[in-house]
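What follows is a short report on a single structure.
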Amino acid sequence: DAGVIQSPRHEVTEMGQEVTLRCKPISGHNSLFWYRQTMMRGLELLIYFNNNVPIDDSGMPEDRFSAKMPNASFSTLKIQPSEPRDSAVYFCASTRNTEAFFGQGTRLTVV
Amino acid sequence: QKEVEQDPGPLSVPEGAIVSLNCTYSNSAFQYFMWYRQYSRKGPELLMYTYSSGNKEDGRFTAQVDKSSKYISLFIRDSQPSDSATYLCAMSVSTSGTYKYIFGTGTRLKVLA
């Protein structure tokens, strides 16, 4: 299995632009998580899905952030409009039981 | 107060030393306790997990959970330069048919050759 696949690996964008991060979970995993990692705040849970249904989005920092999971093999995290303070590494993880498998992350820089 | 607290370090030790990494938590509903290792510019990878209070060994690594004190530890014996990474504790609780995972901020460890 290829593991959790995230794209792009790096994204540099200008403030105000829309940014879309993509995730393909491991086949057969029924839960998907989006995390944001910064030096100051560590790994923060933004939102998670179970069987493609959003369960808890209380970690989404603002209305500028939205996430979708249209099917079991794809999820997106969108930021519109982006701001410099959104710069971070965004991770997607999928699970079937107790172990969460992480992707390689998307390093987002908003200038 | 954060649900999971972890000293960010950094922690520098000489090769061969015993390393102790710790986390405290406030939510008594947490069921699984995990340690993840994250190398620079990589995603976290599961190192160990445990369900109950007590110790669990895997090679040079020992995970310890004390539910009464809400305290977990990871010990690394005979530490190696290849152990240099960020170590994140994580805890999960069952919710709505799945598990919610909460992570500590991570402790950066450097093992000096």
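The values are calculated or read from the model by the stated rules, or taken from the named source; none is laboratory data. For clarity, every value in this text was computed on a predicted model and none was experimentally measured. Because the Cβ atoms are built from the backbone with ideal geometry, glycine has one as well, and the counts that use them run over all protein chains shown. The accessibility values were calculated without ligands, DNA or RNA, using every heavy atom of the protein model including side chains. Shrake-Rupley method; radii C 1.70, N 1.55, O 1.52, S 1.80 Å.
In the stretch B:13-38, of all residues being in contact with a Ser or Thr (Cβ under 8 Å, 6 or more places away or on another chain), within 14 Å of chain A (Cβ to nearest Cβ) and in a loop (DSSP other than H, G, I, E, B), the one that is most open to solvent (accessible area, probe 1.4 Å) corresponds to B:GLN31. Applying the criterion of at least 3 residues that are open to solvent by less than 30 Å² (accessible area, probe 1.4 Å), at the interface with chain A (Cβ under 10 Å from one of its Cβ atoms) and not small (Gly, Ala, Ser) to the strands (runs of 3 or more DSSP E) found wholly in the stretch B:66-113 leaves B:98-103.
Okay, residues lined up against (1) among the polar types (S, T, N, Q); (2) open to solvent by 60 Å² or more (accessible area, probe 1.4 Å):
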| residue | (1), (2) |
| --- | --- |
| A:SER7 | yes, no |
| A:HIS10 | no, yes |
| A:MET15 | no, yes |
| A:THR20 | yes, no |
| A:ILE26 | no, no |
| A:LEU32 | no, no |
| A:ARG36 | no, no |
| A:LEU43 | no, no |
| A:TYR48 | no, no |
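One residue stands out among those in the stretch B:39-57 that are within 14 Å of chain A (Cβ to nearest Cβ) and free of Cβ contacts under 8 Å to residues at least 12 places away in the same chain: the one that is most open to solvent (accessible area, probe 1.4 Å), which is B:ARG41.
Residue check: A:SER75 meets all listed conditions (1) open to solvent by less than 30 Å² (accessible area, probe 1.4 Å); (2) outside any strand (DSSP E or B); (3) away from every other protein chain (no Cβ under 14 Å) but one, namely (2). Within the stretch B:64-79, the set of residues being of a type in the set (Gly, Ala, Ser) and more than 13 Å from the chain's Cα centre (by Cα) comprises B:SER68, B:SER69, B:SER79. Taking (1) acidic (Asp, Glu); (2) open to solvent by 40 Å² or more (accessible area, probe 1.4 Å); (3) touching a residue at least 40 places away in the same chain (Cβ under 8 Å) in turn, A:GLU62 satisfies each apart from (3). Scanning the stretch A:22-55 for residues that are of a type in the set (D, E, K, R), at the interface with chain B (Cβ under 10 Å from one of its Cβ atoms) and touching a strand residue (DSSP E or B) at 6+ places or on another chain (Cβ under 6 Å) gives a single hit, A:GLU44. Picking from residues in the stretch A:90-111 that are surrounded by 21 or more Cβ atoms within 10 Å (Cβ to Cβ) and hydrophobic (A, V, I, L, M, F, W, C), the one that is farthest from the other protein chains (Cβ to nearest Cβ) is A:LEU108.
All conditions but one from (1) closer than 21 Å to A:ARG9 by Cβ; (2) assigned to a strand (DSSP E or B); (3) among the small types (Gly, Ala, Ser) apply to A:SER82; the one that does not is (2).
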